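Below is one structure; the comments refer to it alone.
The values are calculated or read from the model by the stated rules, or taken from the named source; none is laboratory data. Predicted model, so just to flag it, every value in this text is computed and none were measured. Please note: Cβ atoms are built from the backbone with ideal geometry, for glycine as well, and neighbour counts cover all protein chains shown. We work out accessible area using only protein heavy atoms, side chains counted, and drop any ligands, DNA or RNA first. Shrake-Rupley method; radii C 1.70, N 1.55, O 1.52, S 1.80 Å.
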Amino acid sequence: MKNIFLLSAFFVFLAKLNAQNVTQVLDGSFIRENNLNKHPISYTYESESYMMWSKRIWRILDLREKINHPIYYPIDPTNSLRNLVTVIRDGICAGELTAYEGMSDQFDYTMNSIEACKLGETLDTLFDDEGKPIPISEPFPTYNIRRYRIKEDWFFNSKRSAMEARIIGICPVEEVFDAMGEYKGDRPLFWIYMPELRHTIANAPAPNPHSDVERRTYDEIFQKRRFSSYVMKESNVYCRKIDSYAQSINALLESKRIKNEIFTFEQDLWEY
């Protein structure tokens, strides 16, 4: 009985100690409430009978471009901000999101949430004074995620006379380096189904380089297309990517040609 009393007193002491470390200081001049409990705006229901035209596009979103910096930063999460890959990984680890195999964009095979959560982490081994190995897990290198692959559909609805783009999936791409720091290539981590991801990123604020008051969420960035990207592939008979038949500046020109083709199609539907 005495041991139980001492153990209870010990836990009470720890609780008080932890409570003393938690401060009630307001880090700012106001309480942020705009990004709390947001819900993504539902997609408009689309019927095949009103689909006049459709084209599937695959894009590369390069985070080194300045307009895409709000998706890349902050590298280390703060109390109020996380970059996009951290939001996605936290959602996978919490069981909110389903990760699909990164080598296929067809959403055919799901990944184990525990394996997907640990993907990208590295395990190093140190030895103590007695020579015993000590495994050390290094955190996920978010700074190596500098590109995303985006799979989207462009379509024209004849009933609403509207051209729209709808993102189907997104895939973070990791830059892989060896022990000497030499670049070895890119590795697609996993695909995330965008309609499922929207519920997670609807309450995840992104940095705003113009004002700290207004913080757009990642869902708003993608819905309003506040990002820059280039086309890596379009749906075609050969099922081939642009880099398979065009290189360097020619690949960039081919990407712009596909963009302009979609723009021209919409403009040609109207008579002024």
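Being open to solvent by less than 50 Å² (accessible area, probe 1.4 Å) and among the hydroxyl-bearing types (Ser, Thr, Tyr) holds for only one residue in TYR193, TYR148, and it is TYR148.
Yes/no per residue for (1) within 17 Å of THR86 (Cβ to Cβ); (2) not acidic (Asp, Glu):
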{"site": "GLU152", "(1), (2)": "no, no"}
{"site": "GLU174", "(1), (2)": "yes, no"}
{"site": "LYS184", "(1), (2)": "no, yes"}
{"site": "ARG187", "(1), (2)": "no, yes"}
{"site": "PRO195", "(1), (2)": "no, yes"}
{"site": "THR200", "(1), (2)": "yes, yes"}
{"site": "PRO207", "(1), (2)": "yes, yes"}
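Here GLN247 fulfils each of the conditions (1) under 19 Å from ARG149 (Cα atoms); (2) at pLDDT below 95; (3) of a type outside the set (Gly, Ala, Ser); (4) open to solvent by less than 100 Å² (accessible area, probe 1.4 Å) apart from (4). Taking first residues from segment 152-163 that are more than 18 Å from TYR230 (Cα to Cα) and partners that are among the aromatic types (Phe, Trp, Tyr) and assigned to a loop (DSSP other than H, G, I, E, B), the Cβ contacts under 9 Å between residues at least 6 apart in sequence or on separate chains come to SER161/TRP270. A single entry from ARG187, ARG198 fulfils the requirement of being in contact with a strand residue (DSSP E or B) (Cβ under 6 Å, 6 or more places away or on another chain), of a type outside the set (Ser, Thr, Tyr) and modelled with pLDDT of 90 or more: ARG187. Checking each residue in segment 158-175 for being farther than 14 Å from ILE57 by Cβ and surrounded by fewer than 17 Cβ atoms within 10 Å (Cβ to Cβ) picks out SER158, LYS159, ARG160, SER161, ALA162, GLU175.
Could you say which residue among SER211, SER229 is at pLDDT 90 or above and either over 17 Å from ILE150 (Cα atoms) or of a type in the set (Ser, Thr, Tyr) (or both)? Steps first, please.
Working: SER211 fails: at pLDDT 90 or above.
Of SER211, SER229, the one residue that is at pLDDT 90 or above and either over 17 Å from ILE150 (Cα atoms) or of a type in the set (Ser, Thr, Tyr) (or both) is SER229.
Of the residues making up segment 174-184, at least one is touching a Gly at 6+ places or on another chain (Cβ under 7 Å) and among the hydrophobic types (A, V, I, L, M, F, W, C).
The residues on offer are PHE227, PHE265, and the sole one that is open to solvent by 50 Å² or more (accessible area, probe 1.4 Å) and aromatic (Phe, Trp, Tyr) is PHE265.
Within segment 200-247, track down each residue that is assigned to a helix (DSSP H, G or I), under 30 Å from HIS39 (Cα atoms) and not aliphatic (A, V, I, L, M). If the condition is that a residue be assigned to a helix (DSSP H, G or I), under 30 Å from HIS39 (Cα atoms) and not aliphatic (A, V, I, L, M), then THR200, TYR218, ASP219, GLU220, PHE222, GLN223 are the ones that fit.
Rundown of residues vs (1) of a type outside the set (Lys, Arg); (2) within 27 Å of LYS259 (Cβ to Cβ); (3) within 13 Å of the chain's Cα centre (by Cα), yes/no style:
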site: LYS159; (1), (2), (3): no, yes, no
site: GLU174; (1), (2), (3): yes, yes, yes
site: LYS184; (1), (2), (3): no, no, no
site: PRO188; (1), (2), (3): yes, yes, yes
site: LEU197; (1), (2), (3): yes, yes, yes
site: HIS210; (1), (2), (3): yes, yes, no
site: ARG216; (1), (2), (3): no, yes, no
site: GLN223; (1), (2), (3): yes, yes, no
site: SER228; (1), (2), (3): yes, yes, no
